[in-house]
1. Under the condition of being under 14 Å from the mean Cα position of the chain (by Cα) and among the hydroxyl-bearing types (S, T, Y), which residue from the range 123-153 is nearest to A78 (Cα to Cα)?
2. I want to confirm something. Restricting to the range 24-70 and keeping residues that are of a type in the set (S, T, N, Q) and in a loop (DSSP other than H, G, I, E, B), which single residue is modelled with the lowest pLDDT?
3. What are the residues in the range 123-174 that are assigned to a loop (DSSP other than H, G, I, E, B), over 20 Å from R95 (Cβ atoms) and of a type in the set (D, E, K, R), if any?
4. Taking only the range 71-86 into account, find how many residues are outside any loop (DSSP other than H, G, I, E, B) and either without any contact (Cβ under 8 Å) to a residue 60 or more places away in the chain or farther than 22 Å from A128 by Cα (or both).
5. Could you check L97 against (1) within 16 Å of the chain's Cα centre (by Cα); (2) closer than 27 Å to D61 by Cα; (3) at pLDDT 95 or above and say which number it fails?
6. Against the definition (under 23 Å from T129 (Cα atoms), touching a residue at least 60 places away in the same chain (Cβ under 8 Å), buried (at least 16 other Cβ atoms within 10 Å of the Cβ) and in contact with a strand residue (DSSP E or B) (Cβ under 8 Å, 6 or more places away or on another chain)), how does T39 come out, yes or no?
7. Which condition number does H94 fail, the rest of (1) outside any strand (DSSP E or B); (2) over 22 Å from A173 (Cα atoms) being met?
Amino acid sequence: MTSARVPAAPTAETDLPLANPQHFRDAMAQLASTVTIVTTTDGDGRPWGFTASSVVPVSLDPPLVMVGVAHTSSCYEALAASDAFVVNVLGDRHRDLAGRFATSGADRFTGSGFTSWPGTDLPYLPDATAAFRCLTQYALPAGDHDLLLGALADTLSPPATAPSSALLWYRRAFHTPAP
């Protein structure tokens, strides 16, 4: 059996034309993304978290989730060093919280409703649409971000009868899909 060879990604050293960063950003604004807050704790037990729309399922067997975290994020060091993180999937009722966790220098956790995941010190949002506790498996450098691959260790979600409207990021604004 032969394997297909995947070409290396273009770099600044190659002569392949790359999209203008602003054009890329404008094009990506056309993709609707689920809004989440990714949380962890550092070695001193201090909570860290940021609003993320770059969270995707990667594999069913084993169950893996990928989170993109910018090198410039205030949470980068804590997430890069942590062996676990939580992805909190937000609903429409969390718009203000999503804005707070996306704001640099904001006091993100005070009065936010976060508590510790049972048996851990990882912060999670009990009224999140869903929450995924992940064990960090890999950190892959990807340009100005790292892609964290987390093995799904546990999930929490409210009862299926609980009202829920997804919070989406689309065209640089929060949206809720129509029923």
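The values are calculated or read from the model by the stated rules, or taken from the named source; none is laboratory data. Predicted model, so just to flag it, every value in this text is computed and none were measured. All Cβ positions, glycine included, derive from the backbone under ideal geometry; neighbour counts span all protein chains shown.
1. So, considering only residues that are under 14 Å from the mean Cα position of the chain (by Cα) and among the hydroxyl-bearing types (S, T, Y), the one nearest to A78 (Cα to Cα) is T136.
2. Step one: list which residues in the range 24-70 are of a type in the set (S, T, N, Q), which gives 30, 33-34, 36, 39-41, 51, 53-54, 59.
Adding the requirement that they be in a loop (DSSP other than H, G, I, E, B) leaves 30, 53-54.
On the way: Q30: 72, S53: 89, S54: 88.
Out of the qualifying residues, it is Q30.
3. Our first condition is that a residue be assigned to a loop (DSSP other than H, G, I, E, B); within the range 123-174, this holds for 125-129, 143-144, 157-165, 167, 171-172.
Subsequent filtering for residues that are over 20 Å from R95 (Cβ atoms) retains 143-144, 159-161.
Selection gives D144 alone.
4. Taking the range 71-86 as the starting set, the residues that turn out to be outside any loop (DSSP other than H, G, I, E, B) are 76-81, 84-86.
Now restrict to residues that are either without any contact (Cβ under 8 Å) to a residue 60 or more places away in the chain or farther than 22 Å from A128 by Cα (or both): 76-78, 80-81, 86.
Result for the range 71-86: 6.
5. Result: L97 fails condition (2) only.
6. Numbers: under 23 Å from T129 (Cα atoms): yes; touching a residue at least 60 places away in the same chain (Cβ under 8 Å): yes; buried (at least 16 other Cβ atoms within 10 Å of the Cβ): yes; in contact with a strand residue (DSSP E or B) (Cβ under 8 Å, 6 or more places away or on another chain): yes.
Judged against the criteria, T39 is a match.
7. (2)
Let's see how each residue does on (1) β-branched (V, I, T); (2) within 18 Å of V55 (Cβ to Cβ); (3) in contact with a His (Cβ under 7 Å, 6 or more places away or on another chain); (4) crowded, with 16+ Cβ neighbours inside 10 Å:
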| site | (1), (2), (3), (4) |
| --- | --- |
| S73 | no, yes, no, yes |
| G91 | no, yes, no, yes |
| A98 | no, yes, no, yes |
| A102 | no, yes, no, yes |
| G105 | no, no, no, no |
| T110 | yes, no, no, no |
| L122 | no, yes, no, yes |
| L148 | no, yes, no, yes |
| A153 | no, yes, no, no |
